[in-house]
Amino acid sequence: MTDLALPAAASAERAAAPTVAARPRRRALAYLQAAPLALVFLVFLVVPLVLTGIVSLWEYNEYEIIPALTLQNYADVFDGCLSADLCTTVRTYLSTVKFVVLTLAITLPLGFAIAYFLAFHIRSGTVRMGLFLLCTIPFWTSNVIRMISWIPLLGRNGLVNDTLRTLGLIRAPIDGLLYSDFAVVLAFVHLDTVFMIVPIFNSLARIDRRLIEAARDGGASGAQILWNVILPLAKPGIAIGTIFVTTLVMGDFVTVGVMGGQQIASVGKVIQVQMSYLQFPAAAANAVVLLAAVLLMILGLTRMIDLRREL
């Protein structure tokens with residue numbers, strides 16, 4: 001019995017030997033496949049971030065940038081923040097976070113409703129793709145042009161005010177429609193809703209329809225199925241869409257500048273103004289602080305939803 005087992009064991013060892021020897025080769029092949037994307041990631045993300053951090057530590061004056069290490073730029077960012085009154089930086093971040101919260105409050109239910117309709121009510125893949133392309137039509141033009149297109153609608157003599165006056169609903173034009181917080185939030189919703197739709201749709205499309213049928217057979221109502229089945233399974237898409245919208249709103253300065261009439265403060269607007277005055281170290285310091293704030297917000301979201309486990 002033992003003599004018969006020895007040839008079988010030897011054959012198994014010979015069969016396993018190529019597999020063990022091939023592991024380093026497969027590992028090297030995997031690294032080669034990931035190398036192009038890793039190189040792009042290094043050149044276009046890591047290197048610029050490192051350079052931004054270095055420049056944020058340089059000195060500057062009205063005429064030149066001095067490559068000497070200093071923390072004064074960060075001290076200027078938080079100047080007065082230790083006092084009882086809110087400093088400029090805190091007020092600016094609160095204004096920006098306000099836009100983030102208002103934009104999320106609209107884009108999240110709107111994006112979920114559109115994604116739900118596309119995932120569960122559109123059976124034809126061609127029609128679904130056509131509707132997706134319809135959502136991307138605004139991205140065929142410049143961001144600035146899309147913002148300017150709201151002015152003829154929301155201005156004092158715009159289409160909205162003229163229509164309301166014609167219907168007799170108002171006597172004087174409404175000034176708050178343009179160059180206001182309302183206009184900024186409206187523009188953000190216009191621009192960023194699609195970034196909420198796509199990840200939520202991807203999560204909804206992966207839901208096994210048998211789970212919904214089982215819940216329906218168990219006597220669950222439509223609201224119970226939505227709350228107990230669909231929403232928990234859509235959490236990864238909701239989290240990713242929230243991250244997209246948050247990062248876009250936090251760093252935006254074009255929308256705030258155009259729709260706010262250059263009168264509303266935001267973190268991105270502060271950085272853009274400093275760049276226009278060639279205050280690159282101060283702008284870099286503000287950019288680093290903004291990056292840290294956004295990363296903290298994303299960390300908080302990932303703490304609530306474990307994306308690795310959900311995906």
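The values are calculated or read from the model by the stated rules, or taken from the named source; none is laboratory data. A quick note: this is a predicted structure, and the numbers were derived from the prediction, not measured. Every residue, glycine among them, receives a Cβ derived from its backbone with ideal geometry; neighbour counts consider all protein chains shown. Side chains included, ligands, DNA and RNA excluded: accessible areas come from the protein's heavy atoms. Shrake-Rupley method; radii C 1.70, N 1.55, O 1.52, S 1.80 Å.
Computed values, structure above
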{"read-out": "Alpha-carbon spread of the range 213-302, three principal axes, descending order, Å", "value": "66, 28, 13"}
{"read-out": "Using a Förster distance of 35 Å, the FRET efficiency for LEU211-LEU110 (Cβ separation, nearest 0.05)", "value": "0.90"}
{"read-out": "Using a Förster distance of 35 Å, the FRET efficiency for LEU94-VAL50 (Cβ separation, nearest 0.05)", "value": "0.75"}
{"read-out": "Whole-percent carbon and sulfur share, accessible surface of the range 129-249, 1.4 Å", "value": "68"}
{"read-out": "Segment LEU278-HIS121, extension gain: residue separation times 0.36 nm, minus the distance between their alpha carbons", "value": "51.3 nm"}
{"read-out": "Residue-normalised accessible area of the range 176-311, given per residue in Å² at a 1.4 Å probe", "value": "49"}
{"read-out": "Label of the coordinate-derived value, mean projected area of the Cα convex hull in nm², listed as [x] 30.3; [y] 19.1; [z] 20.1", "value": "[x]"}
{"read-out": "Cα gyration tensor category, rounded, prolate or oblate, for the range 56-165 with a/c compared to 1.5", "value": "prolate"}
{"read-out": "In nm, spacing of pseudo-spin labels at GLU62 and GLN33 (7 Å Cα→C-beta vector)", "value": "6.0"}
{"read-out": "MET259, MET275, ranked by accessible area, largest first (probe 1.4 Å)", "value": "MET275, MET259"}
{"read-out": "Total charge dipole magnitude, the chain, about the Cα centre, Cβ charges on Lys, Arg, Asp, Glu only, Debye to nearest 20", "value": "1160"}
{"read-out": "1.4 Å probe accessible area per residue over the range 20-129, in Å²", "value": "72"}
{"read-out": "Note, ³J(HN,Hα) from phi for the range 118-128, Karplus 6.51, -1.76, 1.60, rounded to Hz, x at Gly and Pro", "value": "5, 7, 10, 10, 9, 8, 7, x, 5, 5, 4"}
{"read-out": "Cysteines in the chain lacking a second Cys C-beta under 4.7 Å", "value": "CYS135"}
{"read-out": "At 1.567 mPa s and 4 °C, Stokes diffusion of the range 110-212 via Kirkwood alpha-carbon radius, µm² per second", "value": "80"}
